Amino acid sequence: MTDESGDGQLEARLAEQEAFEPSDDFIEQANVADESIYEEFEEEWPECWTRAADLLDWDEEYTEILDDSEGPFYEWFADGTLNASYNCVDRHVEAGDKNRVAIKWEGEHGNTRTYTYQDLYREVNEFAAALRDLGVEEDDVVTMYMPMVPELPIAMLACARIGAPHSVVFAGFSAEALATRMNAAESRYLITCDGYYRRGDPLDHQAKANEGLSSVDHGVDATVVVDRLGDDGFGHDLKGNQHDWDDLLADFQGDRVDPVERNAEDMLFLMYTSGTTGKPKGVKHTTGGYLAYTAWTSHAVLDLEPEDTYWCSADIGWITGHSYIVYGPLALGTTTVMYEGTPDYPDRGRLWELVEKYAVDVFYTAPTAIRAFMKWGPEYPESYDLSTLRLLGTVGEPINPRAWKWYYKHIGGEECPIVDTWWQTETGGMMVSTLPGIGTMKPGSAGPPLPGIDARVVDTDGEEVDAGQAGYLTVQRPWPGMLRTLYRNDERFIDEYWDEYSDPDEGEWVYFPEDGAKIDDDGYITILGRVDDVVNVSGHRLGTMEIESAIVGVDGVAEAAVVGGDHDIKGEAVYAYVILEDGYDGTEETRDRIIEGVEDAIGPIARPEEVTFTPELPKTRSGKIMRRLLEEIANGEELGDTTTLRNPDVVSDIQEQASGD
Ligand code: WTA
């Protein structure tokens, strides 16, 4: 029982507190605890980045750290060679840690699988041998469309071993989304899964994969299907060049494949992400810089040690899972936890049960999850022993101070520092965050840029704003984990990220991440959210244009505008405003077809929270949809200036529709 009044006082004190310090115990053991690191990185830049590169084993040592002669096509450690799979697996085995656990996997029903580094070594080698046998060659892009099963990181590392870049497509995405990504990368290999469990029920994933394959517009040489569901499966036959994972591997038992020596700048993987246009962007990450950067940030920000059991509750289908479930933690030889299911099945204590069961040291999650935990109440975490936790992290969207404090108190027991890490698919790893053993934490503010990162908040002219003023976040120097380009589209790479603030004639390149931000007197950066047409639903990045094009693809829809509106748990939710063609009515049936259209084109995560039918959309005189107004309507806010509208009357019509009057 908690003492109500005592608890109340504590809540009140916490609510007022604006700055928190790490405990002495934490500082004493922290990987990085000396404030001089910031200065050292400045003084030694770019040599400071050898600290990141030194966390890896190189086949051929690099001689040049940064080649900035062709900005913004920067190269890092460019003449060095290495293999990511060797760095994440073999070297730990060789160092005598073969029996340390690499991956602890827990299925939704509580079945578990444990892979030591030796086990991982065996599986990665055998699958690499199988991939080769299927015809996969160095630089072939292998697509993975898989849920949270251990075969996913095994397949990724097997690809890395033979120098075949992977392109992982989130399992929650639709068949169409899979096909779009395979087409864009001309990928001829697919690793997928028969299904997985969600809240007790088996889901048929293979049907979606097959449907996606039928829309791939080039030949697919081979598909490998993991049997996750066993007897619960949906009985799909494997046809032609489709192989069952286990049957395939039976022929490669005990095989070993030498890790291919990759140039530091060779592609490690592609990850498609949403941007301003309807077409997903293929973010290209390379082997040396990305791996060095994720290892370094795992060491410095997540404070990971090889002895730690670490759990990032993201899905590997997003960048967070790539960098901080797979590559960073495994490069450091840590034990990384993978969980198949959702936080509320079979009950709302599931995650805390796992923290207790695995004695998790470091836990990394998203604010949307924390807001859900808050809503469910502290009794769930209180029923478990969370005392092994040493450090907590968040990523994916701004965290409001109340959620931060709830996390601090009810999960961290007021003992664990929290790192609020700002970064993106494109940045490869964390960019703005306190260092947990050094910095004062300010709830709601991510913190200063990491050592060596030159992030600044600027106005539309590129001038730095004063403390407290809102502006745009920029990064004014390259960093090892940065994307190298958009796959086969250098022009769009420049357009999307470098056009806004760079001065190419002067050789000055400024990266623009499309986030609004402000900075305080201590140099702490608070992220205000995207300033482009990207919505962030439960920490998942979705393009409004992609959703709009899905909606206009539905029979009877003439035009659509999609915006992000505030949502208590999801952070943002999708609101759709739709004009129908003559002869169609805004019935439930039409609404359902629209929702289905979005789910088919992208996936259930993009499902509109509300669909509002309207005869017109608010447009400026030049014919641009005024999304700001639609956002205000979605949020039930007072409307800003409508005088620049061509059709000001439409606004009250939409408001009435939206409120159901
Ligand atoms: C947002 C996820 C506030 C931001 C790693 C960014 C954040 C987008 C934070 C990238 C944070 C990420 N505070 N906002 N700590 N971390 N974001 O590519 O808008 O899926 O641009 O990468 O998430 O999303 P992405």
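The values are calculated or read from the model by the stated rules, or taken from the named source; none is laboratory data. Remember, it's a predicted structure, so these values are computed and weren't measured experimentally. With ideal geometry, Cβ positions are generated from the backbone for all residues, glycine too; neighbour counts draw on all protein chains shown. Surface accessibility is based on the protein's heavy atoms, side chains included, excluding ligands, DNA and RNA. Shrake-Rupley method; radii C 1.70, N 1.55, O 1.52, S 1.80 Å.
Below is a table of values for the structure above.
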| item | result |
| --- | --- |
| Surface accessible to a 1.4 Å probe, per residue, for the residues of the chain, Å² | 39 Å² |
| Cα centroid of the stretch 433-502 to Cα centroid of the stretch 180-206, whole Å | 34 Å |
| Most to least packed among 645-657, 307-319, 152-164 [average Cβ atoms within 10 Å] | 152-164, 307-319, 645-657 |
| Alpha-carbon centroids, the stretch 575-596 and the stretch 5-84: separation in whole Å | 49 Å |
| Enclosed volume per residue, in Å³, of the convex hull spanned by Cα atoms of the stretch 1-157 | 269 Å³ |
| Interchain or long-range residues, amide H under 5 Å from D266's placed H | T287, G288 |
| Value in Å of the Kirkwood radius, where the stretch 360-432 supplies the Cα pairs that are averaged | 12.7 Å |
| Cα gyration tensor shape for the stretch 397-500, rounded if a/c is under 1.5, else prolate or oblate | prolate |
| Cβ crowding within 10 Å averaged over residues, with 188-195, 630-637 ranked highest first | 188-195, 630-637 |
| Computed lengthening from E21 to D54, 0.36 nm per intervening residue step minus Cα-Cα distance | 8.9 nm |
| FRET efficiency estimate (nearest 0.05) - Cβ-Cβ, E414 to D246, R0 41 angstrom | 0.30 |
| Spin-label pair D221/D133, simplified geometry with 7 Å Cα→Cβ offset, distance in nm | 1.6 nm |
| Peptide ranges 512-521, 423-432 listed from the most packed, as the mean C-beta count within 10 angstrom indicates | 423-432, 512-521 |
| About the Cα centre, charge dipole magnitude for the stretch 508-652 (Lys/Arg +1, Asp/Glu -1 at Cβ), debye | 340 debye |
| Rg/Rg_globular for the stretch 124-165, with Rg_globular taken as 2.2 N^0.38 Å and Rg from C-alpha atoms | 1.04 |
| Histogram of C-alpha separations across the stretch 533-659, 5 Å bin width, % | 2, 12, 22, 24, 21, 13, 5, 0 |
| The stretch 442-561 - Debye-derived log10 I(q)/I(0), Cα point model, q = 0.20 Å⁻¹ | -1.20 |
| Cubic angstrom per residue, convex hull over Cα atoms of the chain | 169 Å³ |
| Estimated vicinal HN-Hα couplings, Hz - the stretch 26-31 in sequence order (Karplus 6.51, -1.76, 1.60; Gly, Pro = x) | 5, 4, 4, 9, 5, 4 |
| Given K239/K279; K281/K375; K104/K570; K208/K281; K375/K409, the pairs whose alpha carbons are separated by over 25 Å | K239/K279; K281/K375; K104/K570 |
| Inter-part distance where the stretch 98-147 and the stretch 335-397 are each reduced to a Cα centre, Å | 25 Å |
| Of all accessible heavy-atom area on the chain, the percent that carbon and sulfur account for (1.4 Å) | 41 percent |
| Cut-off under 5 Å, modelled amide H: who pairs with Q242 long-range | T223 |
| Size-normalised alpha-carbon gyration radius of the stretch 255-411, reference 2.2 N^0.38 Å | 1.15 |
